[in-house]
Structure formats: structure tokens, C-alpha cells
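Take a look at the structure below.
Please treat every number below as a calculation from the coordinates, not as lab data. It should be emphasised that the depicted structure is a prediction, and the values quoted were computed from it without experimental measurement. We place every Cβ from the backbone using ideal geometry, glycine too, and count neighbours over all the protein chains shown.
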Amino acid sequence: MKPDDALWMVVYMARGARQADSIEALLAAEGFLVRRRAVGSAQADGTFELLVLSSEAVEARKFLLDNNL
């Protein structure tokens, strides 16, 4: 575990790079700092975790729920 990993929390699990791109853009447009991390193999059709700062995780999850995600 890297030292800054504790600062980030997963707020969404995306199926495929296209979905990850879209959710990442949505969060970023709303002002959240977003990171993406591949789960398992880093293939385009794989699963990706979208992470935001832990201090913003509750707000980011609420934003995603408000947008039916």
C-alpha cells in the first residue's frame, strides 16, 4: 500500500474503459478529483475502480446516486 492510498476511496466500479471514461468525466465536471485504477488485468473491457479523495467520498457517492448511477 502506498502512503497516499489512504487518502482515496472507491466510489464507483465501472465495467469497461468506456463506462469509466464517462463516469470519470461526470465526476470531474462536478469538481471532484478522480483517479482510475484497473482491477485485475488492465484490458479495455475489464473492471475499473473510480476513486475520489476520502474527504469528498460521501458527496461524490451522493452525486452519483442523484444521477441514477
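Once Rg and the Kirkwood radius are both taken over the C-alpha atoms of the chain, their ratio Rg/Rh works out to 0.96. Of the peptides 28-34, 63-69, 45-51, the order by per-residue mean of other Cβ atoms within 10 Å, starting with the highest, comes out as 45-51, 28-34, 63-69.
Remark: the SER55-SER41 segment gains 2.2 nm on full extension, using 0.36 nm per residue and subtracting the alpha carbon distance.
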